[in-house]
Amino acid sequence: MKYQEILNKGSQILRANNIKSSNLDCELILSKVLNKTREEILINLNNKINKNQKNEFIFYLNKRRNKYPISYILGFKFFWKYKFYINKSALIPRPESEHLVEQTLKYMPIGKSMNILDIGTGSGCLIISLLKERHNCLATAVDISKEALKVAKFNAKLHHLEKKIKFFNIDIDKFNSRKYDLIISNPPYINKVDLNRLDDDVRLYEPRLALYGGITGFDEIKKIIEKSSKLLKYNGKLIMEIGEKQKNYIIKIFKKNGFYINKICKDFSGKDRCLVSTKLINE
């Protein structure tokens, strides 16, 4: 069977199962099976695949038709400027979260040495992206999920940063350490109602621990803000990803814990996505 034929057949199957990115996903799956780039495949559409390759393609296609995320099938995801290993133990990096990296870098002067804490590091994509851009900084990354930390540690080694990041498998409530110059976090902030409305790709397969923020969506956010007020140096920054409808209530929590709100940044869709704050109380 030619590349073109199996791509057409695969795309039809995915479209029938309401997979919007059917063409792209099939090209990516075939790329994985053949160990070739998409470009190589697209300029050689008359080439043929063998029986084993066809069976492997069908195996991954069936996973995708059941809404299994394409990033988990491929085993990687590009984020910021870099390629990250990913599996079902960690949340898949989103383009929206690149806003947090972009904003955080503005508060990390080039050449300055800073100690950074990443709360709920997941795949490690946020802290690793930051350290790739600012070579003089050191970091600590914590996550309650032991399996997610394995992914983050692998990515740190992949990007030659294993000596610059210390990892801890611990709930932020129980974490005690020195004071940090900067804290970042992409916490679980989805409430109970919205959790059930997520796309099947997310709801069925991505780790609930990294998504669900309690009935109201604020459980983990409150914990992180309260703990950060103790872990941050005076005038240190807490930069956090937030949900699109959470701004007003979250601002109250920040102010209650001694933070000044520097700004709230919107994502590509014009939704509130990232909050930058400064600790004003010296403890």
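The values are calculated or read from the model by the stated rules, or taken from the named source; none is laboratory data. If you're wondering where the values come from, they're calculated on a predicted model, not measured in any experiment. Neighbour counts run over all protein chains shown; Cβ positions are idealised from the backbone, glycine included.
Observations on the model:
- Filter result for the condition that a residue is buried (at least 19 other Cβ atoms within 10 Å of the Cβ) and assigned to a helix (DSSP H, G or I), over F84, F57: F57
- Residue within segment 35-52 that is surrounded by 13 or more Cβ atoms within 10 Å (Cβ to Cβ), out of contact with any Cys (no Cβ under 7 Å at 6 or more places or on another chain) and hydroxyl-bearing (S, T, Y) present: no
- The residue list I127, I92 contains one member that is in a loop (DSSP other than H, G, I, E, B), aliphatic (A, V, I, L, M) and surrounded by 22 or more Cβ atoms within 10 Å (Cβ to Cβ), which is I92.
- Any hit, segment 108-116, residues being in contact (Cβ under 8 Å) with a residue 60 or more places away in the chain and assigned to a loop (DSSP other than H, G, I, E, B): yes
- Candidates K174, K192 - the one that is touching a Phe, Trp or Tyr at 6+ places or on another chain (Cβ under 8 Å) and either exposed (fewer than 14 other Cβ atoms within 10 Å of the Cβ) or not assigned by TED's automatic domain parsing to the domain that holds C125 (or both): K192
- Residue that is surrounded by the most Cβ atoms within 10 Å (Cβ to Cβ) [pool: residues in segment 64-81 that are out of contact with any strand residue (DSSP E or B) (no Cβ under 7 Å at 6 or more places or on another chain) and part of a helix (DSSP H, G or I)]: R64
- One residue stands out in segment 1-34 among those that are acidic (D, E) and without any contact (Cβ under 8 Å) to a residue 40 or more places away in the chain: the one that is surrounded by the most Cβ atoms within 10 Å (Cβ to Cβ), namely E27.
- Selection within segment 234-263: residues that are crowded, with 16+ Cβ neighbours inside 10 Å and aliphatic (A, V, I, L, M). The member of this set that is nearest to Y189 (Cα to Cα) is I242.
- Within segment 163-201, the set of residues being of a type outside the set (K, R), more than 24 Å from H99 (Cα to Cα) and part of a loop (DSSP other than H, G, I, E, B) comprises I170, D171, F175, N176, S177, N196.
- Some residue of segment 89-102 being of a type outside the set (A, V, I, L, M, F, W, C) and closer than 24 Å to L7 by Cβ: no
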